[in-house]
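See structure below.
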Amino acid sequence: MRVFEEEQRFTQTWLILLLSISAIISIIIITDGFFKGNIPLHKYVSHIILVLIACGFIFIFKLKTRIDHIGIHYQFFPFHFKMKTILWENIKQAKTRKYNALTEYGGWGLKSGGIFGKRNGLAINVSGDIGIQLILKTDKKILIGTQKQNDANIVLAMYSNKI
């Protein structure tokens with residue numbers, strides 16, 4: 001029995017740079033207000049802490065994927081506190097494919113609904129442009145991002161007889 005497991009986080013350089021620049025600019029503006037006397041010390045400290053927490057919040061997000069003899073499991077913390085399981089018997093098609101996160105789903109993260117969701121279904125991704133595309137027997141589509149396309153393909157091929 002072969003198992004595929006993967007854990008991904010938001011660690012892209014461009015994202016860290018963007019958040020850092022945003023935090024620095026916010027802190028400069030808040031500090032300027034403090035030194036001009038417009039913001040009292042307790043509000044100054046709380047604003048700085050709030051900016052740092054807001055910028056650091058994205059780093060708690062984690063996408064875990066597991067493919068085994070039962071089915072395909074995924075968890076996108078903090079939205080899912082436990083693994084969600086899609087049984088093989090409920091899957092019509094499973095394959096890896098290249099996708100465009102911005103044009104097909106409106107970006108990265110947990111994407112569903114809106115102008116993208118009706119046509120493309122649910123997407124759970126944190127980076128890259130490769131995903132495990134699932135089409136369920138109910139015709140619902142789910143795309144789970146992966147950085148390990150070859151490993152996912154090998155395990156999906158192993159369990160293709162269960163679909």
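The values are calculated or read from the model by the stated rules, or taken from the named source; none is laboratory data. In this text the structure is predicted, and so the values were computed from the model without any measurement. Cβ: placed from backbone, ideal geometry, glycine included. Neighbour counts: every protein chain shown.
Kindly state which strands (runs of 3 or more DSSP E) lie completely within the range 65-147 and contain at least 1 residues that are within 17 Å of Q12 (Cβ to Cβ).
In the range 65-147, 71-77, 109-111, 122-125, 130-136, 141-145 are the strands (runs of 3 or more DSSP E) which contain 1 or more residues that are within 17 Å of Q12 (Cβ to Cβ).
Go through the range 1-42 and give me each residue that's hydrophobic (A, V, I, L, M, F, W, C), assigned to a loop (DSSP other than H, G, I, E, B) and closer than 30 Å to T85 by Cβ.
M1, V3, F10
Pairs needed: first member in the range 10-39, farther than 28 Å from L63 by Cβ and at pLDDT 85 or above; second member anywhere, part of a loop (DSSP other than H, G, I, E, B) and β-branched (V, I, T); C-beta distance under 8 Å; at least 6 residues apart or different chains.
From residues that are farther than 28 Å from L63 by Cβ and at pLDDT 85 or above, the pairs are I30/I39.
Could you tell me how many of the residues in the range 123-153 are in contact with a Lys or Arg (Cβ under 7 Å, 6 or more places away or on another chain) and over 17 Å from K98 (Cβ atoms)?
Qualifying residue count, the range 123-153: 2.
Check off (1) buried (at least 17 other Cβ atoms within 10 Å of the Cβ); (2) not assigned by TED's automatic domain parsing to the domain that holds A152 for N125 and give me the number that stays unchecked.
(2)
List pairs: first residue in the range 95-118 and under 16 Å from Q133 (Cα atoms), second residue among the hydroxyl-bearing types (S, T, Y) and at pLDDT below 90 anywhere in the structure, Cβ distance under 6 angstrom, at least six positions apart or on different chains.
If the second residue must be among the hydroxyl-bearing types (S, T, Y) and at pLDDT below 90, the pairs left are K111/Y105; F116/Y105.
Of all residues in the range 69-101, count the ones that are buried (at least 17 other Cβ atoms within 10 Å of the Cβ) and either farther than 16 Å from A157 by Cβ or not assigned by TED's automatic domain parsing to the domain that holds I132 (or both).
Going through the range 69-101 one residue at a time, the tally reaches 7.
Which of the residues that make up the range 28-62 are farther than 19 Å from W14 by Cα and surrounded by 16 or more Cβ atoms within 10 Å (Cβ to Cβ)?
I30, F34, I39, Y44, H47, I48
What residue, among those in the range 148-163 that are assigned to a loop (DSSP other than H, G, I, E, B) and modelled with pLDDT under 95, is surrounded by the most Cβ atoms within 10 Å (Cβ to Cβ)?
Out of the qualifying residues, it is Y159.
For the range 123-163: of the residues being among the aliphatic types (A, V, I, L, M) and in contact with a Ser or Thr (Cβ under 8 Å, 6 or more places away or on another chain), which is nearest to G106 (Cα to Cα)?
That would be A123.
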